[in-house]
Amino acid sequence: MEFKLKELSPKAIPNALEKAQRYRLLSQPAQAESITRDILRIEPDHQEALVLLLLALTDQFETSALTDRFRRAEKVVARLSDKYKARYYQGIVYERRALAQLRKNLPASLSGAYEWLRRAMDQFEEAEKIRPEGNDEALLRWNSCARIIHDSNLEAEAEDSFRPLLE
């Protein structure tokens with residue numbers, strides 16, 4: 001059975017944004033994602049809704065298909081109009097992917113997490129260069145990534161670490 005989605009009233013957007021944020025804080029990112037998608041159906045370039053959607057998607061990295069959510073989050077980043085926010089939130093996407101990978105505890109997850117954290121740090125450095133005056137959030141995130149690398153003893157994968165299973 002096909003359902004036709006009901007359209008949100010433009011006047012309801014501020015309350016819907018508050019609800020989406022509340023659902024994120026209640027660890028219900030799928031609900032937050034649904035609300036932001038409703039907002040974006042009527043205002044496709046609503047920047048605050050895009051940021052909330054991006055965060056809701058990254059909140060789900062550990063609970064659902066990581067690759068699908070990651071790709072969707074990257075598409076949302078591309079829709080951000082502010083260059084600083086695009087860099088900053090791209091860093092968030094990479095950082096959260098690294099954390100999800102760390103928690104999976106699979107072979108090569110440590111070196112993979114290291115690589116994603118380094119990508120995040122690169123984005124935070126780029127964001128730092130163009131940040132609004134008095135806004136040090138990119139520096140705080142960079143420091144957090146550096147601490148995760150240090151505290152978890154993460155390293156880049158050695159170039160000669162590939163060993164075929166059969167010789």
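Quick check: anything in segment 72-94 touching a Leu at 6+ places or on another chain (Cβ under 6 Å) and farther than 25 Å from P132 by Cα?
yes
What residue, among those in segment 94-120 that are among the hydroxyl-bearing types (S, T, Y) and in contact (Cβ under 8 Å) with a residue 12 or more places away in the chain, is farthest from D59 (Cα to Cα)?
Here the answer is S111.
Which residues, taken from segment 79-110, are open to solvent by 20 Å² or more (accessible area, probe 1.4 Å) and either at positive phi or among the hydroxyl-bearing types (S, T, Y) (or both)?
Those that are open to solvent by 20 Å² or more (accessible area, probe 1.4 Å) and either at positive phi or among the hydroxyl-bearing types (S, T, Y) (or both): S81, Y89, Y94, N105, A108.
Within segment 44-58, how many residues turn out to be surrounded by 15 or more Cβ atoms within 10 Å (Cβ to Cβ) and of a type outside the set (A, V, I, L, M, F, W, C)? Before the answer, list the steps.
Just the residues of segment 44-58 that are surrounded by 15 or more Cβ atoms within 10 Å (Cβ to Cβ), to begin with: 46, 48-58.
Next, from what is left, pick out any that are of a type outside the set (A, V, I, L, M, F, W, C): 46, 48, 58.
Final tally of qualifying residues: 3.
Somewhere in segment 19-29, is a residue touching a residue at least 12 places away in the same chain (Cβ under 8 Å) and surrounded by fewer than 13 Cβ atoms within 10 Å (Cβ to Cβ)? Working first, answer last.
Here is the first cut: in segment 19-29, the ones touching a residue at least 12 places away in the same chain (Cβ under 8 Å) are 19-21, 23-24, 27, 29.
Cutting the leftovers down to surrounded by fewer than 13 Cβ atoms within 10 Å (Cβ to Cβ) gives us 27.
Scanning segment 19-29, I find at least one residue that is touching a residue at least 12 places away in the same chain (Cβ under 8 Å) and surrounded by fewer than 13 Cβ atoms within 10 Å (Cβ to Cβ), so the answer is yes.
The values are calculated or read from the model by the stated rules, or taken from the named source; none is laboratory data. Given the structure is predicted, the values throughout are model-derived calculations rather than measurements. We place every Cβ from the backbone using ideal geometry, glycine too, and count neighbours over all the protein chains shown. To get the accessible areas, we keep the full protein, side chains included, count just its heavy atoms, and leave off ligands, DNA and RNA. Shrake-Rupley method; radii C 1.70, N 1.55, O 1.52, S 1.80 Å.
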